[in-house]
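Accompanying notes for the structure given below.
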Amino acid sequence: MMRIVLFLATNLAIILVLSITTSIFGLNRWLTDQGIDYTSLLVFALIVGFTGSIISLLISKPMAKMSTRARVINPSQPANRQEAWLVETVSQFAQRAGIGMPEVAIYEGAPNAFATGAFKNNALVAVSTGLLQSMNEEEVAAVLGHEIAHVANGDMVTMTLIQGVVNTFVIFLARVVGYAIDRAVFRNEREGTGIGYFLTVIVLEIVFGIVASMIVAWFSRQREFRADAGAAQLMGTPSSMIKALQRLQQLQEGELPKNIQALGISNSNKLANLFATHPPLEVRIQALAK
């Protein structure tokens, strides 16, 4: 219920912010005078801005299973001791976090793990074979705690709302500016929009979209810190999560051959870090160690 309220409140907040901003600067009146249906444009931006992100959230579980070829463990009939331990560990963390038991899956791949799903009580937590082979049980448990914290924090819904917000602003602002440029620069005096409008909208959606990606990435990095802290709380100590991050750090450092290491994204590449969805591992370790 709270997620529905949050979704409706977010949409209302967008309408209020855009309405107040355009009213203060007289843009609302100018748009109407110039023949732009401001209300229709705003509704259009909201619908388009949120539709894609919401659909992505709703189909996130089946898409994740399909894209990674993850095999969901039958909780009543695990194939081996490791699968039974994974299910039991996730179950304990889910109970401590106050959420429903997620599906637990294993997929073939390099060391990694993820959690996804539209609802806290119907999520998916998946770990890779590479992770299970590279870490001990304490470290794997910390990673599972991190993913459970993502679910308990409602991070999938939060990121969907943030993505919808920035999408709305991108669509709305690109068209408002596009109309202005079409009139002022391309001297379009006819009713409706001309080629200048369409060209400007395309360019601005790309430019604004890049800026929007940076904003979404920043929020994503913040949620990683919260999930790390949540894992530490579920484990009862931050040391386990620190060990897991240090292990991932070692695996990352040895992942690329020396002759192509320069092609990878390093921590010193500040521009790349602006688009990174995860903070550098050493920064996450430092945050936990405080």
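The values are calculated or read from the model by the stated rules, or taken from the named source; none is laboratory data. Quick caveat, the model's predicted, so the values are computed rather than measured. No Cβ is skipped: glycine too gets one built from the backbone with ideal geometry, and neighbour counts run over all protein chains shown. Quick note on the areas: whole protein, heavy atoms, side chains included, nothing else; ligands and nucleic acids left out. Shrake-Rupley method; radii C 1.70, N 1.55, O 1.52, S 1.80 Å.
When Ala174, Ala142, Ala115 are checked against the criterion of being in contact with a strand residue (DSSP E or B) (Cβ under 9 Å, 6 or more places away or on another chain) and open to solvent by less than 40 Å² (accessible area, probe 1.4 Å), a single residue qualifies: Ala115. Checked against the criterion of being without any contact (Cβ under 8 Å) to a residue 12 or more places away in the chain and out of contact with any helix residue (DSSP H, G or I) (no Cβ under 9 Å at 6 or more places or on another chain), the candidates Ile210, Ile202 yield just one match: Ile210. Scanning segment 118-139 for residues that are closer than 30 Å to Leu161 by Cβ and open to solvent by 20 Å² or more (accessible area, probe 1.4 Å) turns up Phe119, Lys120, Asn121, Asn122. Of all residues in segment 52-85, those satisfying the criterion of being of a type in the set (A, V, I, L, M, F, W, C), assigned to a helix (DSSP H, G or I) and under 25 Å from the mean Cα position of the chain (by Cα) are Ile54, Ile55, Leu57, Leu58, Met63, Ala64, Met66. Each residue in segment 90-104 was checked for being closer than 16 Å to Ser128 by Cα and assigned to a helix (DSSP H, G or I), and 1 of them qualify. Summed over segment 214-224, the residues that are more than 16 Å from Ala115 (Cβ to Cβ) and either touching a residue at least 24 places away in the same chain (Cβ under 8 Å) or among the hydrophobic types (A, V, I, L, M, F, W, C) (or both) give a count of 7.
Listed conditions (1) modelled with pLDDT of 90 or more; (2) more than 19 Å from Thr160 (Cα to Cα) are all met by Pro62, apart from (2).
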